[in-house]
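The values are calculated or read from the model by the stated rules, or taken from the named source; none is laboratory data. This is a predicted model, so every value here is computed, not measured. Here Cβ is always computed from backbone atoms with ideal geometry, including for glycine, and neighbour counts include all displayed protein chains. We work out accessible area using only protein heavy atoms, side chains counted, and drop any ligands, DNA or RNA first. Shrake-Rupley method; radii C 1.70, N 1.55, O 1.52, S 1.80 Å.
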Amino acid sequence: MKYKILCSDLDGTLLSTKSDVSETTITTLKKITANTKVILVSARMPQSMTYIQKDLGVENEPIICYNGALVLEGSKEIESVTIPLTLLKKIYQLSEEHNIKLGLYYNDEWFVETTSERVEKEIRNTKAIPEYRPTTATFDDWKNRDIAGAHKIMMMGTKNTCDAIYPILDEKFGEQIAIYRSNDTLIEIAPKSVSKLSAIKSLLTDGETLNDIVAFGDNYNDLEMLQHVGCGVAVGNARKEVKEISDYTTLKNTENGVAVFINDHIL
């Protein structure tokens, strides 16, 4: 198999730990970068992706952040779609009623009201530091700076509170936002009009099609991407639904599944 582009999710897929790519995977990927573009595709913010780009030696390639809401090529903004402030305020009000805390993201900005076990874990995993302030202060600040809204919302609660709010979010705002259940205690929200797949399409140049792409993923927000590229590969730890729609399943992320697939099928 030969592909012009390799797209990979990060957490649970390319990363062998919570924050880093293994030396095995780095060495393997560097064998194909002369002839294959390596594009990182994640729900992460830019600064939590660029250090991985540097490790892989692919800083010259674009990155797809926030599940496709922000696409960057170096300092150049290729695509930027936000959740409007008016809608953010409604989601904030609903989250307050359910005792759920919000993390708000815009470009390389990350705001939370207070620290918590979840926030500290996110700091360790993504190597980013949030600014602590009331959510309403973030709304006022963004309005004053003419920032239209958030690229991503992270809702942090308990299993029970997330179970309770998810169907309400879907019923009230499902036509305006994409809602991803990251795990039992986390819900990630992105603009409805974008996805990892739509962002990938925006980066295709003349002579490139989706069939020229091999992509790797593990979670619900990878489904569409894996379904529509030339070769969709699920890692061994992927959700059952992801494995079912993928062309191949490789080993787990902790077992260097992406590198193993590259060695077996691409090199």
Under-5 Å amide H pairs with Ile147, H placed in peptide plane, nonlocal only: none
Nearest-0.05 FRET efficiency for Asn35 and Thr114, computed from C-beta distance (R0 41 Å): 0.30
Set of the range 178-215 residues, backbone N closer than 12 Å to the point 7 Å along the Cα-Cβ line of Glu73: 202-206
Rounded to 10°, Cα long-axis angle of helix 47-56 versus longest principal axis of the chain: 10 degrees
Return the subset of Lys121/Lys240; Lys2/Lys54; Lys201/Lys240; Lys76/Lys192; Lys37/Lys143 for which the Cα-Cα distance in this structure is over 31 Å, preserving the input order. Lys37/Lys143
How much length would be gained if the chain were fully extended between Arg145 and Lys2, taking 0.36 nm per residue of separation minus their Cα-Cα distance, in nm to one decimal? 46.9 nm
Heavy-atom accessible area per residue - the range 113-183, 1.4 Å, Å²: 53 Å²
For His228, the accessible surface traced by a 1.4 Å probe with all protein chains present amounts, in square angstrom to the nearest 10, to 100 Å²
Taking only C-alpha pairs under 8 Å that are 6+ residues apart, what is the relative contact order of the chain in percent? 22 percent
Which residues in the range 229-264 place their backbone N less than 16 Å from a point set 7 Å from the Cα of Thr27 along the Cα-to-Cβ direction? 255-264
Put Ser182, Ser202 in order of accessible area, largest first, probe 1.4 Å, and you get Ser202, Ser182
Computed, not fitted: 222 nm per-residue ellipticity of the chain from DSSP H runs ≥ 4 (each -39500 (n - 2.57)), nearest 500, equal to -9500 deg cm²/dmol
Measure off, as a whole percent, the carbon and sulfur share of the 1.4 Å-probe accessible area of the range 174-227, all protein chains present. 42 percent
